[in-house]
1. Within the range 91-119, find all residues whose amide N lies under 15 Å from a label point positioned 7 Å from the Cα of Ile129 along Cα-to-beta-carbon.
2. Cross-link partners among aspartates and glutamates for Lys133, C-alpha distance below 13 Å, same-chain residues fewer than 8 apart left out?
3. Take the residue pairs Lys36/Lys69; Lys36/Lys60; Lys16/Lys36; Lys60/Lys81; Lys16/Lys67 and return only those whose Cα atoms are more than 22 Å apart.
4. Straight-line reach from Lys138: which lysines have a Cα under 20 Å away, not including same-chain ones fewer than 8 places off?
5. Going by C-beta contacts inside 10 Å, put Thr85, Thr30 in order with the fewest on the left.
6. What does the extension gain come out to for Leu43 and Glu152, with contour length at 0.36 nm per residue minus their alpha carbon separation?
7. Based on the Cβ-Cβ distance of Ala139 and Val98, what FRET efficiency does E = 1/(1 + (r/R0)^6) give at R0 = 22 Å, to the nearest 0.05?
8. Taking the simple approach of a point 7 Å from Cα along Cα-to-Cβ for both Thr85 and Ala108, what is their distance in nm?
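Values quoted throughout were computed directly from the atomic coordinates according to the rules given, and no laboratory measurement underlies them. Note that the structure is predicted; figures quoted are calculated from it, not measured. Here the Cβ is made from the backbone with ideal geometry for all residues, glycine too, and neighbour counts use every protein chain on show.
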Amino acid sequence: MVASLGISGAAFDKWKVQPIERIGREAFFTVQDVLKNRMDHKLAQLESRKTPIDDADGEKINPLLEKSKLDREKRIGQELKNDTTKGNLFPLSAGRYVFSRIGAEMAAVLESLPAKIKRVMPKVTATQINEVKKEIAKARNSCVDIPDRLDEFLEEYYAETEK
């Protein structure tokens, strides 16, 4: 029987299968006993998985339930990755990067505005240019703050859309 199953004779001893007869060093087993032993072993394994175990906090944990939760989270994570790849989702970190680049470009344009105004309208006084520079500084600072305020903007958006 050992040769037909492709296992060693020691496996039966390890599995604690009782032989029906021993003749010298040879032990004889019935297929029924071996199958019953293996079936009992597999059932015991399944039962041990169903039995809640204690975690470090002393709470009971059901391994099958925990595996189910883990599989669900993996599925959701993969769906999010797929949506991001398709362009249906935009990661917040990417949004911060994009808005910081846009803000920097807008700030550069605003910075060059007083010189352009002076060139196009030479009669503009220094006081008027300074007033324009003050307003440009306010606008530039507002542009630079956009990435840092992204969380605030999102909270406002969610608050408005939930109404």
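1. 111-119
2. Filter leaves Glu111.
3. Lys36/Lys69; Lys36/Lys60; Lys60/Lys81; Lys16/Lys67
4. Partners found: Lys116, Lys118.
5. If I rank by nearby Cβ atoms, fewest first, I get Thr85, Thr30.
6. 33.8 nm
7. The formula returns an efficiency of 0.70 here.
8. 3.4
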